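Asker: Take a look at this one; I'll ask things after.
Readers should treat all values here as calculations from the given coordinates under stated rules, not as data from a laboratory. This structure is a prediction, so every number in the text was calculated from the model and none was measured. Because the Cβ atoms are built from the backbone with ideal geometry, glycine has one as well, and the counts that use them run over all protein chains shown.
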Amino acid sequence: MLPTNGGGSLKLVRAFLVLLVQIHWAFALNSSVGGTQIRCLEKERQALVSLFPLKTTEDCCKWEGVQCSNETNHVIAIHVLQPIQGTIDRSLMELQQLESLNLSSIQVAQIPPFLGFLSNLRYLDLSSAGVTSTIPIELGNLLKLESLDLSGNSNAQVENLTWLSNLSSLVFLDLSMLNLSKATDWLQIINRLPQLRTLRLGGCDLPSPIFSSLPPSSESQAILEELDLHGNRLMSSIFPWLFNHSSAKIFSIDVSNNQLNGLIPDAFGNMNLLEHLNLSHNQLQGGIPDSFGSLCSLRELYLTRNRISGQLDTFLETLSKCSENSLGSLTTELLPDVTNLPLLKTLDLSDNLLSGTIPEVIGNLSELETLYVGGNSLEGVISEVHFLKLAKLKYLNLSSNSLLLNFHDDWVSPFQLDTIRVGSLKLGSRFPEWIRTQNNFSELDISNASISGTIPSWFWSALSSKSCRINLSHNQLSGSLENLSIISLPSSPELNLGSNQLEGPIPSIFFGATSLDLSNNYFSGISFPSESIVMQITLIDFSNNSLSGELPDWFLGNLRALQLRNNKFSGELPASWFFRNLQVLDLGENEISGPVPQWIGDGFPNLIVLSLRSNNFSGSIPSNLCQLRRIQLFDLSDNNISGDIPTCLNNLTSLTEKVQNGNATIRIPYTSGLGSLNTYKTTFEGETSMNWKGQVYEYKSNLGYVKCFDLSNNYLAGQIPAEITHLVGLVFLNLSWNSLTGQIPHDIGDLKELDALDLSRNRLHGEIPQSLSQIDRIGVLNLSYNNLSGRIPTGSTQLQGFNATVYAGNPGLCGFPLKDCEAPEPEGSSGNEQGENEEGGYITRGFYISMGLGFVIGFWIVIGTLIFNSPWRFKYLKFLNSIYDWLYVMGLVSFPCRCALVLQFGPALRIVLLFL
């Protein structure tokens with residue numbers, strides 16, 4: 001039997017062991033979260049809070065977008081996934097072990113210079129970060145950097161690229177969309193990056209490089225594999241750099257949308273690994289080099305929108321002889337024989353000058369996904385044979401050709417198309433039945449196809465949730481659409497049924513579209529939808545229909561264009577209209593009455609077109625309309641408006657500026673059925689009409705150039721405000737058929753862009769300003785039936801080139817082309833200032849010029865003879881001496897008291913006699 005104290009000792013040992021186990025588990029629990037050990041260092045976690053404000057857990061190494069080193073637990077990679085705004089906090093300097101930083105989701109105005117001191121960075125991505133300040137040169141301190149992406153920051157400022165020279169480890173560089181127009185040495189900098197494999201400088205406005213300052217070829221040069229220089233100002237001088245020894249490994253080149261001209265160089269054939277070549281949208285000409293037959297790896301070739309000539313079929317036959325022809329995409333201007341291209345996926349020949357027929361062998365291209373040949377001069381018949389094996393076809397564009405589509409009614413196509421563009425073709429007189437089998441298209445254009453009859457009910461049922469662009473315009477479709485209220489349309493489509501013969505009420509379901517064009521039909525009513533449906537619509541064009549009644553009380557927050565021209569709407573403009581985004585408001589040729597609302601100037605700040613002409617508006621022109629700073633077409637003509645013309649016209653900012661090439665069109669989202677495969681949103685170039693030169697003109701593609709101010713045919717009184725001469729961008733100015741008084745503004749000649757000026761049928765008096773003759777481009781002028789007097793300005797032949805009817809009804813006017821003026825022009829008149837005839841018309845500015853030239857020529861004839869003919873010179877000097885002696889003697893005899901004076905001026909007298 002063991003002693004009792006021994007048992008106690010054993011219990012004590014057991015209790016001690018239990019205590020050790022409990023202490024161990026306590027420490028384990030206190031140093032873990034959810035069973036995982038905390039690895040994040042506290043200082044680094046605090047530094048990450050500004051980028052990950054919603055993270056609350058202690059271990060930052062477990063945060064999404066954060067990666068820590070398995071050995072040191074330091075943060076080595078950051079990728080911000082959620083978009084944030086603000087500044088990049090300086091606390092990131094704590095992350096000295098950081099190797100990868102992706103902040104492409106943030107929105108910051110400035111890249112902080114301290115990022116250049118994160119010395120271990122190898123990957124830096126700040127693409128599309130909204131940077132507006134200068135790119136800091138401190139980024140040149142990142143000597144270990146292998147990948148740099150600053151693309152998409154189009155508002156960033158770049159003074160030069162010298163700082164890039166230090167980044168000798170760069171493999172990937174993307175500066176696309178940065179403005180590098182000042183970086184004339186960009187190519188020299190690139191040549192100093194020996195490890196560079198991918199270079200993307202698309203859309204940077206790069207100038208053509210200066211090759212005289214390039215380093216010798218023996219110096220380190222980049223060995224590129226991918227090169228993107230599209231959308232710059234490069235000329236063909238860039239080609240030699242492309243074809244140096246380092247280009248052998250390149251597989252992708254994109255130099256589209258530049259200024260390349262001349263022939264396509266043969267040297268492209270030396271790039272054996274080339275898979276993607278894009279030379280489109282340049283001015284290249286001539287044929288395709290035979291050397292292209294060596295490009296056996298080529299999968300995509302883009303030559304569209306050039307001046308390429310010759311035959312392509314020989315080139316394609318050469319490609320087919322390669323041991324492994326992997327051509328996958330072809331875009332060019334010449335239709336090839338494609339029988340030897342079984343792997344072809346994309347054939348884009350659109351918008352060129354192609355002629356002839358489409359061969360049936362195209363139906364053998366079983367891999368073809370895109371067939372674009374629209375916008376050419378192709379002819380012939382397209383049948384089912386052309387699509388025999390095209391089960392993978394998704395995108396089809398045959399539009400704007402002289403093609404006839406001849407499909408049987410029971411034909412079931414082997415494909416399901418996403419894009420169908422067959423506008424301006426011959427589809428037959430009936431609605432095409434083959435569309436019935438297409439159940440998944442997003443775009444359909446069968447416009448201008450001579451289709452007649454009613455729209456079948458199955459068509460509306462065939463529309464899928466993807467159908468977003470529907471264009472049936474410019475056909476002879478007829479009938480009523482009132483039964484469509486029981487059919488469900490896709491959500492927010494762009495619907496164009498304009499220029500048909502449709503009638504009845506406009507279905508309410510149409511207002512669920514984002515743009516709706518029903519113009520040039522016979523619609524006679526509107527089934528008004530609920531307000532919740534209307535909110536998404538951006539364009540409404542109901543012009544040239546038979547709609548009547550009061551204007552609908554719409555609340556359209558997204559509307560950009562409202563065109564109700566040439567209907568029978570009446571009543572006043574609804575005070576509840578609220579279109580903050582509206583750009584075009586055309587209510588002309590209706591029966592709308594009441595005053596011109598003041599709220600047009602307050603509520604439509606983006607308005608570009610305002611046409612209220614040919615209505616019954618009354619009252620005065622509210623001064624609030626001067627707040628329309630973007631207005632380009634201002635038309636209140638043919639109403640009952642009275643009062644004075646506002647003097648605040650100089651506040652119409654857009655009219656005070658001349659048209660620039662960059663803003664010549666008014667663009668509004670709309671369906672057009674045209675555009676390239678990569679067009680995500682097509683555009684409608686705003687359309688309206690105006691009454692000018694006795695005719696009604698429709699303006700569409702050139703609307704941005706038509707800056708018009710028309711108040712004609714009203715009851716306006718008072719003077720023409722001098723502020724109107726500030727509208728130097730005006731092309732048309734019409735104030736005719738009013739009761740305006742006073743004189744024509746003295747500085748009317750400042751409107752040098754005027755093509756037409758009509759001030760006729762008013763009560764204007766005084767002379768025609770001389771400055772009017774300075775408008776050398778004016779083509780239409782009418783000053784008739786006023787009280788103008790005086791001489792028609794003669795400083796320019798411009799005003800004399802018009803017919804006499806231009807000045808008719810002004811008894812006080814004279815001068816060509818009217819009767820001659822009886823009285824001479826007053827002294828100091830503008831005619832004299834312009835060099836007009838004086839003293840009966842014989843002494844002119846030319847007379848004085850001729851007299852001066854005659855004196856100079858005669859003088860040098862005499863002097864030259866004396867200089868080069870010695871006998872004549874001696875005789876002439878002897879004659880002068882005798883004259884001098886005679887004058888000297890006569891002076892002494894006649895004026896003895898002035899003898900000293902004669903002696904004093906004797907030498908001068910000799911000189912005078914010499915030149916006489």
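Asker: Please give, to one decimal in nm, the separation of the simple spin-label points placed at GLU367 and SER402, each 7 Å out from Cα toward the Cβ.
Answerer: Taking the two extended label points, one gets 3.5 nm.
Asker: Now, a different point. Tell me the label-point distance for the pair SER642, GLU64, using the 7 Å Cα-to-Cβ offset, in nm and rounded to one decimal.
Answerer: Label at SER642, label at GLU64, 7.0 nm between them.
Asker: Hey, another quick one. Using a Förster distance of 60 angstrom, determine the FRET efficiency expected from the C-beta separation of TRP411 and LEU54, and round it to 0.05. Before the final figure, lay out the partial values.
Answerer: Values: r = 57 Å, r/R0 = 0.95.
The value I calculate is 0.60.
Asker: Taking the C-alpha atoms of the stretch 350-413, how large are the radius of gyration and the largest Cα-Cα span, Dmax, in Å?
Answerer: 11.5, 34
Asker: Determine, from the Cβ-Cβ distance of ALA808 and GLN743 and an R0 of 22 Å, the FRET efficiency 1/(1 + (r/R0)^6), rounded to the nearest 0.05. Walk me through the intermediate numbers first.
Answerer: Working: r = 19 Å, r/R0 = 0.87.
Efficiency at R0 = 22 Å is approximately 0.70.
Asker: Take the Cα pairs of the stretch 533-580, get the Kirkwood Rh, then feed it into Stokes-Einstein at 25 °C and 0.890 mPa s and tell me D in µm²/s. Before the final figure, lay out the partial values.
Answerer: Working: Rh = 11.4 Å.
After rounding, the answer is 216 µm²/s.
Asker: Now for a separate question. On a full-extension model of 0.36 nm per residue, what is the gain between ILE857 and ALA575, subtracting their alpha-carbon distance, rounded to one decimal in nm?
Answerer: Values: separation 282, 0.36 × 282 = 101.52 nm, distance 8.08 nm.
Additional length available on full extension: 93.4 nm.
Asker: When averaged across all projection directions, what area in nm² does the alpha-carbon convex hull of the stretch 43-169 cover?
Answerer: Working: hull surface 29.1 nm².
Averaged projected hull area, Cα only: 7.3 nm².
Asker: Let me ask another. Going by Cα centres, the stretch 740-794 and the stretch 347-374 are how many Å apart?
Answerer: Going from one Cα centre to the other spans 58 Å.
Asker: Taking the mean number of other Cβ atoms within 10 Å as a proxy for protection, how do you rank 514-522, 806-814 from highest to lowest?
Answerer: Highest to lowest by the protection proxy: 514-522, 806-814.
Asker: Taking the mean number of other Cβ atoms within 10 Å as a proxy for protection, how do you rank 405-412, 429-436 from highest to lowest? If you can, show how the numbers build up before the last one.
Answerer: Details: 405-412: 12.4, 429-436: 16.1.
Those peptides, ordered most packed to least, come out 429-436, 405-412.
Asker: Would you please give the FRET efficiency between SER488 and GLN37, computed as 1/(1 + (r/R0)^6) with r the Cβ-Cβ distance and R0 = 35 Å, to the nearest 0.05?
Answerer: Numbers: r = 57 Å, r/R0 = 1.64.
E between SER488 and GLN37, to the nearest 0.05, is 0.05.
Asker: Bin width 10 Å, alpha-carbon pairs only: give the P(r) of the stretch 393-515 as whole percents, running from 0 to the bin holding the largest distance.
Answerer: 13, 47, 34, 5
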